[in-house]
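The values are calculated or read from the model by the stated rules, or taken from the named source; none is laboratory data. Values in this document were obtained by computation on a predicted structure and should not be read as measured data. In this analysis, Cβ positions are derived from the backbone assuming ideal geometry, glycine residues included, and neighbour counts consider all displayed protein chains. Accessible surface is based on the protein model in full, side chains and every heavy atom, while ligands, DNA and RNA are left aside. Shrake-Rupley method; radii C 1.70, N 1.55, O 1.52, S 1.80 Å.
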Amino acid sequence: MSQQLPPERLGQDDRVRLEALRYAVNEEAASYLAIMRTFTGAIAGLLSDQSAAEVAQRLAEQGLELDVDTVDARLSYLVEHGNLARSPRETEARSLRDYLANRARYQLTQRGELVQRQVEELLQHTDTAHEVSTEMLGGILDGLRRLRRDDAPALAAADPDDVARRIGTVFAQFERLVESTREFYTYLSQVLVRYDLDRDEYQAFKTALLDYLQRFVEEVARRMPQIAEELTALRPLVPALTARANAGSRLMSLDGRQARRARGLDPRDWDGLHSWFVGTPGRDADADGVRRLATEAMRALLVNLRRIAASSDRERSRYADLLRLAGWFDEADDATAHALWAAAFGLYSCRHLAFPADDDADPVPATASWWRTPVAEVPVTLRQRGERKVTGRSGRREDFTDAKRARLAERQAAERRRAAALAEVARHSGEPEVLRISDDARAALLEVLARALTGSGPALGAGGEARADATASTGSQAAFRLTVRRTPGRSTTIASPEGRLVLSDLTLSLTTATDVRTGRQEVSA
């Protein structure tokens, strides 16, 4: 068993792997990148080996002149750090000159290809907005449903490559969804700390981003219960699916182990997919965390907008001012630049530094040495904040009465719409097979359904049930109670102008608020 190292120390194997990054950050990084591109620029380069002379010739064609000895030294450096390897292929030399030019040939290693690919991706990266690939949610749901349709006889007769292709498609879509989500929130975190946007720019950006976040949260809330249901039902079938996808001849590595395949073909890969949409005991689903982050981002956007809209005596960014000042310095001549420097930063020539220590009774001449003159008394406001003026009275307090009244009105209108939607759902008490409701009622019902399924976790098996209460606002009475039961062979259809949702093998039971209170009183009695 390998010894566990402390977190601040790296093992020898990890240090050797990280050596492969050195060529990208040293002083000759430009030439090393050009050399590595001759090996990774095309498929032919990945499968072939090259000598120093051939690499030097290809560099010359690109406009980079390096002698063969320098190229050979660079190639040897890359070999030492694991990016390249010396080729074992023998070459036929017809003369001593051919032998000296081709005595060593080099080929790309797996580690070198991985590092160069990551370096190229980093160099091409731009700090621009990336949308979350929410369209992948529908593809993931369809793929899981197709995998679930295969029973044991159909799976045994299925083509292994077809099963592997369907699993690989689901996981490729899932990886794209996770990657785009990570990129979006990374960009969003950078935007939330920017203070160089003026009020109009930030208001326009805020409106577009809030609309996008709202649509993103609604899409996740609509798809998440369906995907969670499919994953819960599909989980017992995962070993059989992966076993069928891995059937047939497989590539073996030199140590006798099977070569790695695409994600999803190992049963352990499904744990990440399950954790993202369903969660694990004691841990919420990652999709819930994504929705929570979106809500927090909306609050942060509103806080930043309030800060930008605040009065001028509060703290604000000087980014635009400093950028304009830099432009003035760039266009000014020498005399104007000195005058601008003194006016902007208050840094005059040295002979003026003695004036704060002057005393009317015993003035200090400007020609006196600093070593022999008394220390100047610098005011606290000047020393700590750079302010010369005396602070006056506090500014007038901002009045947010109208804004608060408007927000309260919006909140009350939203609560009335939600209460009406819940009341509409509550009118369909019992166990209806088909619910025909409005779009608002459908959204409210799906929200309660998501809470019920998320709270049950993997416990909603055959005959199992999950419950959740629907309330119009915090602290109010429950409008109805939703009970979800696993009933194989029975389905529930939710129809609205937006579309139809069929919950296969699930029965929804709606209990009104009166029935819920009556049941509680009977239990108490």
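Round to the nearest 10 and report in Å² the accessible area of residue 147, as given by a 1.4 Å probe over the protein chains' heavy atoms.
0 Å²
Ranked highest first by average number of other Cβ atoms within 10 Å, how do 136-144, 176-184, 233-241, 56-64 line up?
136-144, 176-184, 233-241, 56-64
Short version: ³J(HN,Hα) in whole Hz for each residue of segment 499-512, in order, from phi by Karplus 6.51 cos²θ - 1.76 cosθ + 1.60 (θ = phi - 60°), x for Gly and Pro, what are they?
x, 10, 10, 9, 9, 6, 6, 10, 10, 9, 10, 9, 10, 6
Could you sort the peptides 222-228, 109-115 by per-residue average Cβ neighbour count (10 Å cutoff), highest mean leading?
Working: 222-228: 22.3, 109-115: 16.7.
The packing order, highest mean first, is 222-228, 109-115.
What is the spin-label model distance, in nm, from residue 70 to residue 284 if the labels are put 7 Å beyond Cα along the C-beta direction?
5.8 nm
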